[in-house]
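One structure is given below, encoded as structure tokens.
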Amino acid sequence: VAERLGVSYVVSGAYAVLGGRARLHIELCDARDDTVCWATSATLSIEDFFRGQDPVLPEVIAALGREIVAAELRRVGSLPMPSLASYTLYLGGVGLLHRLSRRDFERSRELLQFLAERQPRAAAPHAMLSKWHMLRIVQGWAESADDEARQARAAARRALDLDDQEAFALTAEGMVSVLIDKDLDSGAGWYARALEANPHEPYAWALQSGLQSYRDDHEAACRSAATALSLSPLDPARFLFEAYAAMAHLGGGDADTAATLAQRSLEHNALHTPSLRILVIAQMLRGQADEARRAAARLMSLEPGLRVGDYVRRFPGRESPNLRRYAEALAAAGVPQ
């Protein structure tokens, strides 16, 4: 099957019907070395299955996706880059980028740059490199924010030069417009073009949610963030989507839901400092000062150079009445002015 279809993985299995239920055994095989890298058994309701209501198969599919990504990340860590397939390089680069540990983050750039050189006509590696530089700024890791911004802009433009209809490339250009240039109108235009090119691009929906929050259109922001989460439930950037959802609820005055979503984001990635900032603000606004101070201490341990003034300068929604409340909450929790 693998040879005929030219695939690296094959899912196979067997089933037995027992009354109104079916017992499944499912295996994921790496066809490159004929090894079973994952297997599971499950029981589903036949009636629910044909109604499209059975939860078992979606859970199995989600697990398969995680296992394939995990297997490719192991290959990235154990084999030299020239021997890796292009899709392995991309999955590895994206997966390591979103772990946000400094070592993995730097490795992700090496993988994406190598892939960009191997596939010189592909826009996606350049768009993801633009995101890499943006995350360096957002995480507070950039030695020179201006230099990092310049490289983010150059990578986004290179992606668009290669394919001006690539939804993620359009999204990357919008991200530069919003987060670096603070030009919300331009960003809205890029996100609209991205969603016109591909209405199922989750990054465009997530970043559009952020822009809508900066414009205080919080109901629309909540809808956009929910769409991003529904479109890509296995995305390695899920913690980012949850952070944008948290920001949308925070701006709309629902600090409880914002805190819950920020904590969920941190469960997926404890190193994401924007989620910690949202959590600190939400906890202060809901009267949990002690919890907010503990979260702020975690935030400062990850981003020791953070100052409230820096947060205000970086915030794209400069006209939002929420910005002052957010800054006051951070200061009250112990973030230096």
### Query
For the range 249-337, with the dipole built from +1 on Lys and Arg beta-carbon atoms and -1 on Asp and Glu ones, taken about the Cα centre, which of GLY287, PRO321, LEU306 lies farthest toward the positive end?
LEU306
### Query
If you line up the long axis of helix 167-179 against the longest principal axis of the chain, both from Cα atoms, how many degrees apart are they, to the nearest 10?
20 degrees
### Query
Where Lys and Arg each count +1 and Asp and Glu each count -1, what net charge lies around ARG153 among other residues with Cβ under 13 Å from its Cβ?
-3
## Note on the structure
The summed charge of the TYR9 Cβ neighbourhood (under 15 Å; Lys/Arg +1, Asp/Glu -1) stands at -2
### Heavy-atom surface of the chain, accessible at 1.4 Å and reported per residue (Å²)
48 Å²
## Note on the structure
For ALA142, the net charge from surrounding residues (Cβ-Cβ under 10 Å; K, R +1; D, E -1) works out to -3
### Query
Rounded to the nearest 0.05, what FRET efficiency do ARG21 and GLU117 have when you use their Cβ-Cβ distance and R0 = 56 Å?
0.60
### Sum of -39500 (n - 2.57) over DSSP H runs of 4+, divided by residues of the chain (222 nm, nearest 500)
-21000 deg cm²/dmol
### Query
Taking the alpha-carbon set of the chain, what are its Rg and Dmax in Å?
21.6, 67
#### Entry: Förster-model FRET efficiency, 41 Å R0, ARG313 and ASP290, C-beta, rounded to 0.05
0.90
### Query
Once amide H atoms are placed 1.01 Å from N in the peptide plane, what residues at a sequence separation of 5 or more from TYR9, or on another chain, have their amide H within under 5 Å of its amide H?
ALA31
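The values are calculated or read from the model by the stated rules, or taken from the named source; none is laboratory data. All figures in this text were calculated on a predicted structure; none of them were measured in a lab. Using ideal geometry, Cβ is built from the backbone for each residue, glycine included, and neighbour counts are taken over all protein chains shown. The area values use the complete protein model at the heavy-atom level, side chains included, leaving out ligands, DNA and RNA. Shrake-Rupley method; radii C 1.70, N 1.55, O 1.52, S 1.80 Å.
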